[in-house]
Amino acid sequence: MNSLSQFSYDPAKCSLALSLYKSLLKIEAQIPAEISELDFFKSLEQPPEKTLGDYALPCFRFAKAIKKNPNDVAALLKQHLEELNNPWVESIVLKGAFLNIFTNQKEVAKNLVPTLVNGSAFKLLKSNPEHNKTKVMIEFSQPNTHKEFHVGHGRNVCLGDSICRLFTYNGYQVIGANYIGDEGAHIAKCLWGVDHYKGDEKLELATNKAEWLGQRYVEANSKLKEASDEITKNQYNKEISDILKSIENKSGQYYETWKKTRQYCLDDFNKIYKWLDVKFDHFFYESEVSEDSQLIVEEYIKKGLFVEDNGAIGFDMSDKKLGFFMARKSDGTTLYITKDLALAKVKFQDFDIDRSIYVVGSEQNFHFKQLFYALEKMGFPQASKCYHLSYGMVVRPDGKMSSRAGNSFTFIQLINLVMEEINTYLEKYSTEWSQDQKEDTAHKLAVGAIKYGMLQADPNKEIVFDPKEWVSFEGNSGPYLMYSYARTQSILRKAEVEGIKSSLDKIELLSHESERDLMRHLYDFNQITINACENYRPSTLANHLFFTCKAYNRFYTEVSVMKAETEDLRSARLSLLKAFADTLKMGLYLLGITPPEKM
């Protein structure tokens, strides 16, 4: 699309782009065809410091197009733009070949605050026609059964859920999918560990059965490692191999045990998803694509893509420096990546998706380079629209965690730690609040603390998790943002009790510098959500919300809302306060967080 209509969420920039194009026409009537209003829109930048203006225009490109000196073009653009009396323009400062434009605060208030208060601003991006016809599947979470759900899984869930919300907000058709690893050697090893378990704690009585099974997996690894001789080790491995065959053949005692223990794990996972308020549109299971993975190897042997190499089946990817892509081992078994090929085929053909996003840790970067290239060579047009959202690990202060080594920190442990901190804080409300109110608030605060802690860091960076820092009501934390929201609701309730109403009639009275700063942050909200979506970075939104809350707290400190100098100003400030509250609530929702109304 070459029209400015797609950028209706930024009316100031659209208006400036049109006026600047008209101003260039006054300098040079014959502008080259490649220069349009859209070029001015895209060239308008936001300066790094607010003292430099709300928008800055570098004039080099436009000067080159009409073969004139950039400084002269900038000076003439300034002159003609001022003559046009654009209502969005308050002042223009000339800096060499740059125009620094300050927007008219009254115009910003008049166009911004009403759309936030009535909610229409939050619907603008949903109507993007290109996005509306694009179906995106976002695959995330992907835990393995028979292992505990650890904090690394928590980061994955929080990222994937927020990406789903951001893509939906931006108008895409979104399918949130989970791919459960419910078969493989680790499960056979776990069930072997259950057989050799000598403890008293019964699986059926365990509160968290996935965690109980994960402990048996750790013990199995230790037992294998500690085997005193090769004969014993070989015997152990044969027993584990027999269990795996029983599961794959779908018969026998171990297959029945697998079904029962698998369901225990799925139930525990679903409890965590419910606690986090995370929903999926579809569940895939590794066990469902095993047979298809063998069929896909046969299909592409016949098509000539897969060939034999020392008994293994696959093809050479050295042209992309990706080595040999192995689709089937010499013993006839497929690999995890082969199942990903079969799964991708199901996604493309059965769900008719246009884009496929995989939220998976950075340790799988090479895996996805191979996978996407294989899909491309297999002829799937959607291969170019596959994206691996890679993220860093969540680590303890003392280093990396591993479920095999048994030093992982479970997600349930994290929940309990955070809940303990939150309940300590809420203790002061014991006599004022009902038990239900206290539990509901504690739950919302805990979810918000964990999700924000997981999301505010760039996905590429490792997170060293610190529950005390995450539950702090100061600094860049979920509780700080939620407290800012709760404080707005307290003021709005007080205004309602006193019969004071907000009003948009005199919104132009919002002229204080702190009001200007807050409105600029609110004005940028939709652009930030676009950036967060396009770059797969919920951290962009999280940090914008943090700085918006800081702007609100400056506003709250520097001007009085309830004791404003006039009734009209008080009503206008209440409207701005409501606009901030609604924007913050929407932003938190896009991070998967529901703030409490009281704190």
Checked LYS50, LYS64, LYS22 against criteria (more than 27 Å from LYS123 (Cα to Cα), touching a residue at least 60 places away in the same chain (Cβ under 8 Å) and out of contact with any Leu (no Cβ under 9 Å at 6 or more places or on another chain)); the one match is LYS50
When region 451-502 is checked residue by residue, the ones that are more than 22 Å from the chain's Cα centre (by Cα) and among the basic types (Lys, Arg) are LYS468, ARG487, ARG493, LYS494, LYS501
Result of the Cβ filter at 6 Å on region 212-241, keeping first residues that are in contact (Cβ under 8 Å) with a residue 12 or more places away in the chain and closer than 22 Å to GLN253 by Cα and partners that are aromatic (Phe, Trp, Tyr) and not in a helix (DSSP H, G or I), at least 6 apart or interchain, is ARG216/TYR197
When every residue in region 433-446 that is farther than 21 Å from PHE547 by Cα and of a type in the set (A, V, I, L, M) is compared, the one nearest to the chain's Cα centre (by Cα) is ALA446
Flagged in region 140-150 as under 20 Å from the mean Cα position of the chain (by Cα) and surrounded by 24 or more Cβ atoms within 10 Å (Cβ to Cβ), in numbering order, are PHE140, SER141, PRO143, PHE149
Residue in region 149-164 that is part of a loop (DSSP other than H, G, I, E, B) and under 16 Å from ASP281 (Cβ atoms) present | no
Next item on the list: Answer with yes or no whether GLU49 is of a type in the set (D, E, K, R), surrounded by fewer than 16 Cβ atoms within 10 Å (Cβ to Cβ), modelled with pLDDT under 95 and outside the structural domain of LYS578 (by TED's automatic domain parsing).
Entry: yes
For region 81-104, pairs from a residue that is farther than 14 Å from SER15 by Cβ to a residue that is aromatic (Phe, Trp, Tyr) and buried (at least 16 other Cβ atoms within 10 Å of the Cβ), with Cβ under 6 Å and 6 or more apart or across chains, are SER91/PHE102
Restricting region 577-598 to residues that are assigned to a loop (DSSP other than H, G, I, E, B) and over 24 Å from LYS501 (Cβ atoms), the one nearest to the chain's Cα centre (by Cα) turns out to be LEU591
The residue that is farthest from PHE525 (Cα to Cα), considering only those in region 88-113 that are touching a helix residue (DSSP H, G or I) at 6+ places or on another chain (Cβ under 6 Å), β-branched (Val, Ile, Thr) and not in a helix (DSSP H, G or I), is ILE92
Exercise for review: Would you confirm whether any residue within region 58-65 is in a loop (DSSP other than H, G, I, E, B), surrounded by 16 or more Cβ atoms within 10 Å (Cβ to Cβ) and out of contact with any Cys (no Cβ under 7 Å at 6 or more places or on another chain)?
Suggested key: yes
Of SER384, SER403, SER408, the only residue that is at pLDDT 90 or above and either polar (S, T, N, Q) or over 20 Å from GLU469 (Cβ atoms) (or both) is SER384
Of (1) assigned to a helix (DSSP H, G or I); (2) over 25 Å from LYS13 (Cβ atoms); (3) over 32 Å from the mean Cα position of the chain (by Cα), SER560 satisfies every one except (1)
Tell me yes or no: at least one residue of region 318-338 is within 26 Å of the chain's Cα centre (by Cα), assigned by TED's automatic domain parsing to the domain that holds GLN263 and either at pLDDT below 95 or outside any strand (DSSP E or B) (or both). yes
Within region 299-317, the residues that are under 21 Å from LYS347 (Cβ atoms) and either aromatic (Phe, Trp, Tyr) or in a loop (DSSP other than H, G, I, E, B) (or both) are TYR300, LYS303, LEU305, PHE306
All conditions in (1) surrounded by 20 or more Cβ atoms within 10 Å (Cβ to Cβ); (2) not in a helix (DSSP H, G or I); (3) not acidic (Asp, Glu) are true of ILE296 except (2)
If you go through TYR179, TYR217, the only one that is among the aromatic types (Phe, Trp, Tyr), assigned to a helix (DSSP H, G or I) and crowded, with 21+ Cβ neighbours inside 10 Å is TYR217
**OP:** Kindly indicate whether VAL157 is closer than 30 Å to ASN416 by Cα and surrounded by fewer than 22 Cβ atoms within 10 Å (Cβ to Cβ).
**Re:** no
Of the residues in region 305-338, those that are farther than 22 Å from GLU288 by Cβ and surrounded by fewer than 12 Cβ atoms within 10 Å (Cβ to Cβ) come to GLU308, ASN310, GLY311, SER318, ASP319, LYS321, ASP331
ask   = Based on what the data block shows, is THR257 within 30 Å of ASP292 (Cβ to Cβ) and either assigned by TED's automatic domain parsing to the domain that holds ALA185 or in a helix (DSSP H, G or I) (or both)?
value = yes
Per the filter on region 351-389, residues over 24 Å from GLN173 (Cβ atoms) and either under 18 Å from the mean Cα position of the chain (by Cα) or basic (Lys, Arg) (or both) are GLY361, SER362, LYS369, LYS377
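Could you please let me know if ILE272 is closer than 27 Å to ARG216 by Cβ, modelled with pLDDT of 95 or more, part of a helix (DSSP H, G or I) and among the β-branched types (Val, Ile, Thr)?
Yes.
The values are calculated or read from the model by the stated rules, or taken from the named source; none is laboratory data. For clarity, every value in this text was computed on a predicted model and none was experimentally measured. In this analysis, Cβ positions are derived from the backbone assuming ideal geometry, glycine residues included, and neighbour counts consider all displayed protein chains.
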